């Protein structure tokens, strides 16, 4: 092999189109190289969805769930059914998203390439928007509005209604959160991404 051929082979890979850095093995290399950044970024999202998951389970079994809601909804299991399905769907969404963020954190911290499963679980993104919309529609339905009344003399299901009502905030926040690493990649730019992709593994974040 000639010296010219050797020099050509050793020439580093030039910067690639943005889509190249979204490939699972490339994303993993970047995430594991800059693990502190992505642990902090996805750690916040992890805690956020863990909170909503725990809160959803709590609201699903809340002791107010059997409270009647005026003349339209009598006390008992029928009253519980007003919010049961919506709370369950929303909670399942947050739980899956919590698992998805756990996978990303594992890739960053443990050094295991789980970006593929992370991308597969991205099917949860459209489901999440649908789930949160169902929650809001249920909260502001006729029966939902009745159950949300703050009546001290006749307690209803205000805390359960509030859980669903707050999903409007979740919808807004989920737009940047659902693919936070892609948004971060866009902000940093191709030059930075390529630098991290070519970088040697580091024991500590710079």
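All of the numbers you see were taken from the coordinates with simple rules; none came from a lab. Computed from a prediction, not measured in an experiment: that's the story for all the values here. Ideal geometry is used to build each Cβ from the backbone, glycine not excepted, and the neighbour counts take in all protein chains shown.
Ranking of 139, 34 by neighbouring Cβ atoms within 10 Å, starting from the fewest: 34, 139.
Mind telling me which of 32, 122, 141 comes out most flexible in a GNM of the chain, alpha-carbon contacts under 10 Å? Highest fluctuation among the options: 141.
Computed over the chain with a Gaussian network model linking Cα atoms closer than 10 Å, the most mobile of 27, 78, 106 is 78. Centre-to-centre separation between the Cα atoms of the stretch 13-88 and those of the stretch 113-161: 11 Å. Treating each Cα of the chain as one equal point scatterer and applying the Debye formula with no solvent, the log10 of I(q)/I(0) at q = 0.08, 0.11, 0.12 Å⁻¹ comes out as -0.40, -0.63, -0.70.
Rounded to the nearest 500 deg cm²/dmol, what is the calculated helix-only ellipticity per residue at 222 nm for the chain, with -39500 (n - 2.57) per DSSP H run of length n ≥ 4? Each step should come with its number before you reach the end.
Working: 11 runs with 143 residues, N = 206.
Mean residue ellipticity, 222 nm, calculated: -22000 deg cm²/dmol.
For the chain, with a Gaussian network of springs between Cα atoms less than 10 Å apart, report the residue from 143, 151, 58 with the top mean-square fluctuation. Looking only at 143, 151, 58, the biggest GNM fluctuation is shown by 151.
Would you kindly calculate the translational diffusion coefficient of the stretch 98-188, applying Stokes-Einstein with the Kirkwood radius from alpha carbon pairs, for 20 °C and a viscosity of 1.002 mPa s, and quote it in µm² s⁻¹ without decimals? The partial results should precede the final answer.
On the way: Rh = 15.5 Å.
For these conditions, the coefficient is 139 µm²/s.
Every Cα-Cα pair in the stretch 123-166 was counted, and those over 16 Å apart are 40% of them.
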